């Protein structure tokens, strides 16, 4: 997995950036918020989330950890893919989204083009217990249990298992026992899938 990239910004648009490092140009999908942060810079450092599928190898770049954390939470919600998560994070900052989730404000999330009422409610319902946000330090944190689930699901999806089936198995495993590592959860899930 690629964790981050730093290099020269060859091209910058509201939806992607081409970052050149070691003579190779990487196409990195970004949100409008990340684009705004990069406008004044010739070089950048972006945190990455990598998605590998049969037909694509996509990189999503984030200016800070809050945005990447929120992106990963959003794609863990059933029915929200990477591009939809990027659209949401283009319209709302991670702190605005965290506040909307914590206050149960699905109407604000639904106001984003392409997000229906059911999807907005699902975001609030599925993430309300997973997001904690302290106004003072502007840091979004995720409960440990959710981090284990996200990392386990990510590993299983990268191994080629369907997200919905993998999520059901991971949920069942996490209910059975509390003290587990990502490796243990993945091993147990592989036996059941």
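Among 30-41, 105-116, the peptide with the highest mean count of other Cβ atoms within 10 Å heads the list, and the full ranking is 30-41, 105-116.
Segment residue 184..residue 125, full-extension length gain: 18.5 nm, with 0.36 nm per residue of separation and the alpha-carbon distance subtracted. Under a Gaussian network description of the chain, with springs only between Cα atoms under 10 Å, the residue in 101, 52, 75 that fluctuates furthest is 52. Sort the chain into rounded, prolate or oblate with this rule: let a ≥ b ≥ c be the square roots of the eigenvalues of the Cα gyration tensor; rounded if a/c is under 1.5, and if a/c is not under 1.5, prolate when a/b is larger than b/c, oblate otherwise. The shape class here is oblate.
Using a basic spin-label model with each label point 7 Å from the Cα along Cα→Cβ, how many nm lie between residue 36 and residue 58? Rounded to a tenth, the inter-label distance reads 2.3 nm. Of 43, 65, 176, the residue with the greatest mean-square motion in the GNM of the chain, using alpha carbon springs below 10 Å, is 176.
Relative to the present Cα-Cα distance, how much length would full extension add between residue 4 and residue 99 at 0.36 nm per residue of separation?
Between residue 4 and residue 99, full extension yields 31.5 nm more.
If you restrict to DSSP beta bridges whose two residues both lie in the chain, what percentage is antiparallel, to the nearest 5? Once the DSSP bridges in the chain are tallied, antiparallel ones form about 95 percent. In this simple spin-label approximation, residue 168 and residue 50 carry label points 7 Å from Cα along the Cα→Cβ vector, and these lie 3.0 nm apart.
Values quoted throughout were computed directly from the atomic coordinates according to the rules given, and no laboratory measurement underlies them. This is a predicted model, so every value here is computed, not measured. Cβ coordinates were reconstructed from backbone atoms using ideal geometry, including for glycine residues, and neighbour counts include every protein chain displayed.
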